[in-house]
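These notes are about the structure you will find just below.
The values are calculated or read from the model by the stated rules, or taken from the named source; none is laboratory data. As the structure is a computational prediction, the values presented were derived from the model and not from experiment. Please note: Cβ atoms are built from the backbone with ideal geometry, for glycine as well, and neighbour counts cover all protein chains shown. When the accessible area is computed, the model is the full protein with side chains, heavy atoms only, and any ligands, DNA or RNA have been set aside. Shrake-Rupley method; radii C 1.70, N 1.55, O 1.52, S 1.80 Å.
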Amino acid sequence: MQLYLKLALGNVRRGARDYSVYFATLGFAACLLYSFVASTDYLVALGLSTEQMGVLGSAGDILQAFSVFTVLVFLFLVRYANRFLLRRRKREFALYELMGMGRGATAFVLIAETALVGACALALGIALGGALSPAFGAIAAFVFNVSWRPMFAFSAGSAFWTAGCFSVIFALNALDGARNMTKRPLIELFFADRTPEVIRLGGRLARAGQVALAAVLLAMVWGACLFQPIYFIAFIMPMGFAACVATALVARLGASWWADCARARAEAYWSGLRAFTVRQVEARVSSSSMALACVCVLIAAAVCMMVAGFAFSVGLRTPEMLSNGMSASLAPIGYIGIFYGSVFLLSAVAVLSLQQLSGAADARRAYGTLAQLGCDRIDMRSSVRAQVRLYFCAPLAGAFIHDLFGLVLVAFLSFALGVQGFFAIVAGVLGFTVMLMAVYALMTARAVERVVLPRV
């Protein structure tokens, strides 16, 4: 037992550098979950009036209810991350079994690693949430329009809530990972890193059907935003699913069209590693189209929610709205919009990063072959960065297209309530989104380079 624990600890230490994006995302997720639940404690510590405490009481109920949905979002994120790590390390688990470890012992090592990662991420997240409590308190005070003074606050109840949620999340994912690994044949585990996941588009008739379906779904979603906003809000979940399916179809078809256009320019196509880069993207985008679609829709929803959050809080800071209590009554909605928009945006960029790292694990052998053939390291690094740039820019561009219609709905509600500075709020949220995507793209590119490029 002690030997297996030492093995799990060594694996976590070894993987911390290659999977820095994964560990950083989990820690930040724990920080956000803790800070969201503890936000009411920040406000209580500021000393509020009786009226403000009444608004805060109603907000606390809303925040507690919505925190459950936050847990579901993080459950999806951790599940996706663990599936990536499991696919990345199936060959390693197969070697454990060849060396004499049984499936039960290997599953124990996997569960122990998951527990260690979860505990470290939880401790880091809660500590970071406590250290950043003045900043989170400032955000909450700004949204609720109350006076703020710098002070540190720690909520034991919120910490226990976060620990309980993380324990459930990681327990479910650890059991799922162990079950997934133990039921696989040894030969499948051993060659998992060489098995590409490719879905074919079909012939011309199949492609035409996909184009027609995507057009109908997008027309339904965008049309509801423009002409039937009440129905869009009432059926927000089916609308989101329809947007994901349509975006996935567009991603598959768009990648095929992009590859055909690249091959049409033969001189540019065979220049450097462009042909290799196109083939890498083309081989993976079909199997990852739904993940890219979910990322695109999450980014679009995040932008709309953050714009709505700031509009229903900051945008209502007019003397008339402050006097009639409208600004205070909508402050909880504004805070929820800002926080959930941040959660969705974090989940989106994390899924993109993990998807790229998963693809890098599959492409390591291809890059090793290029190195053996004498390919320059600079050209291989350029190929990696071009792929990461494409996978980050394409969902971001698609999300902004969705937002052209989604923000019409937010603008309609904002102008109806008398929101001030709406376009400045939109510009600020879009700028923040682009900046966060750029930072994560840079982190991901460096992480992918460490995985695929030969050591020097």
Checklist entry - How big, in percent, is the set of alpha carbon pairs in region 202-455 lying more than 27 Å apart? => result 45
Checklist outcome for this item: Descending accessible area (1.4 Å probe), largest on the left, turns I233, I169 into I233, I169
Checklist entry - How large, in percent, is the carbon and sulfur part of the accessible surface of region 202-455 at a probe radius of 1.4 Å? => result 71
Checklist outcome for this item: By the C-alpha gyration tensor axes a ≥ b ≥ c (rounded if a/c is under 1.5, else prolate when a/b exceeds b/c, else oblate), the shape of region 232-375 is prolate
Checklist outcome for this item: Hydrodynamic calc, region 343-456: Kirkwood Rh from Cα pairs, then Stokes-Einstein at 25 °C with viscosity 0.890 mPa s, so D in µm² s⁻¹ is 151
Checklist outcome for this item: The answer for region 202-455, accessible area per residue at 1.4 Å probe in Å², is 45
Next on the checklist: Roughly how far apart, in whole Å, are the Cα centres of region 372-448 and region 246-313?
Outcome noted: 12
Checklist entry - Toward the positive end of the charge dipole of region 202-455, about the Cα centre and with charges on Cβ (Lys, Arg +1; Asp, Glu -1), which of G272, L345, F232 goes farthest? => result G272
